[in-house]
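A short write-up of the structure that comes next.
The values are calculated or read from the model by the stated rules, or taken from the named source; none is laboratory data. Computed from a prediction, not measured in an experiment: that's the story for all the values here. Please note: Cβ atoms are built from the backbone with ideal geometry, for glycine as well, and neighbour counts cover all protein chains shown. Just the protein is used for accessible areas: all its heavy atoms, side chains included, with ligands, DNA and RNA removed. Shrake-Rupley method; radii C 1.70, N 1.55, O 1.52, S 1.80 Å.
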Amino acid sequence: INELDLKLIKSKLKIPLNLEIAATNEMLRIALKRKPPFICIVPEKRQEVTTEGGLNLKFKRNFLKKLIMKLKKNKSRVSLFIEPNKADIQEAKILNADCVEIHTGKFCNLINKNKKFHKEIKKIKEIVKIGNDLGLEVHAGHGLTVDSVGYISKIPEIKELNIGHAIISDSIFLGLRGAIDLMKQKIKESRF
């Protein structure tokens, strides 16, 4: 997606736009110009196909703090994509983020490989509670599929799930509406 795509999407979209950006001056310029209502700051490595971990909140800390301040002043809600650990969630609060998105990649990989995942889900639950206690809105995402989403959606304090790749992959066989309906069904089943 390039800046022109963003402009066109924003002009036609009937639902709120959540823009993921890297913590760079170029992305800051684009976000300030396009003013999406929601922004998630994610790590970006040059050769990465997808995000492989949470944002390093200590790297360029002062730049990150200024970036968050500018985005919030521009009326965007700012989220940080972080690892499920206490240090990162506390740092997100210090940096004045509105929310965090917990990286669920390790948990999802354990599910996909049929390995024990209970320790990882317990860790995620603990971090979500800490985030809520700090006054952060907590989201979760990365690698969620119809097989793993139920465990995460059972955590009531998580306000938003960010799921993309699995829905698009499943849409090849089910169509986009079918893939969305299946994901919604799995989430609904787990909540009751």
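With an 8 Å Cα cut-off and a minimum separation of 6 or more residues, compute the relative contact order for the chain in percent.
This gives 14 percent for the chain.
Database remark: amide H of Leu55 closer than 5 angstrom to the amide H of Phe81, Ile82, Glu83 (H placed geometrically; neighbours at sequence offset of 5 or more, or on other chains; Pro and chain starts carry no H). Across the accessible surface of the chain, with the other protein chains kept in place and a 1.4 Å probe, carbon and sulfur atoms take up 54 percent.
Could you work out how much longer the chain between Lys14 and Lys66 gets when fully extended? Use 0.36 nm per residue separation minus the Cα distance between them, nm to one decimal. Don't skip to the end; give the middle numbers.
Working: separation 52, 0.36 × 52 = 18.72 nm, distance 3.03 nm.
Contour length minus the Cα-Cα distance gives 15.7 nm.
Over segment 39-173, what lengths in whole Å, largest first, do the semi-axes of the equivalent ellipsoid take, defined as the square roots of 5 times the eigenvalues of the alpha-carbon gyration tensor?
Output for segment 39-173: semi-axes of 25, 17, 14 Å.
Provide the per residue accessible area, probe 1.4 Å, for segment 57-164, rounded to a whole number of square angstrom. It amounts to 52 Å² per residue over segment 57-164.
Given the rule -39500 (n - 2.57) for each run of at least 4 DSSP H residues, summed and divided by the residues of the chain, what is its mean residue ellipticity at 222 nm, to the nearest 500 deg cm²/dmol? Walk me through the numbers on the way to the answer.
Details: 8 runs with 98 residues, N = 192.
Value at 222 nm, helices only, nearest 500: -16000 deg cm²/dmol.
When only DSSP loop residues count, what trypsin sites (Lys or Arg not before Pro) in segment 83-127 have their Cβ near at most 16 other Cβ atoms within 10 Å? Intermediate values should be presented prior to the final figure.
Details: sites: Lys86, Lys93, Lys106, Lys113, Lys115, Lys116, Lys119, Lys122, Lys123, Lys125; in loops: Lys113, Lys115, Lys116.
Those satisfying the criteria are Lys113, Lys115, Lys116.
Here the chain is assigned +1 on the Cβ of each Lys and Arg and -1 on the Cβ of each Asp and Glu. Its dipole about the Cα centre then comes out at about 520 debye. Of the residues Phe59, Asn25, Thr104, the one whose Cα sits farthest toward the positive end of the charge dipole of the chain, with +1 on the Cβ of Lys and Arg and -1 on the Cβ of Asp and Glu, is Asn25.
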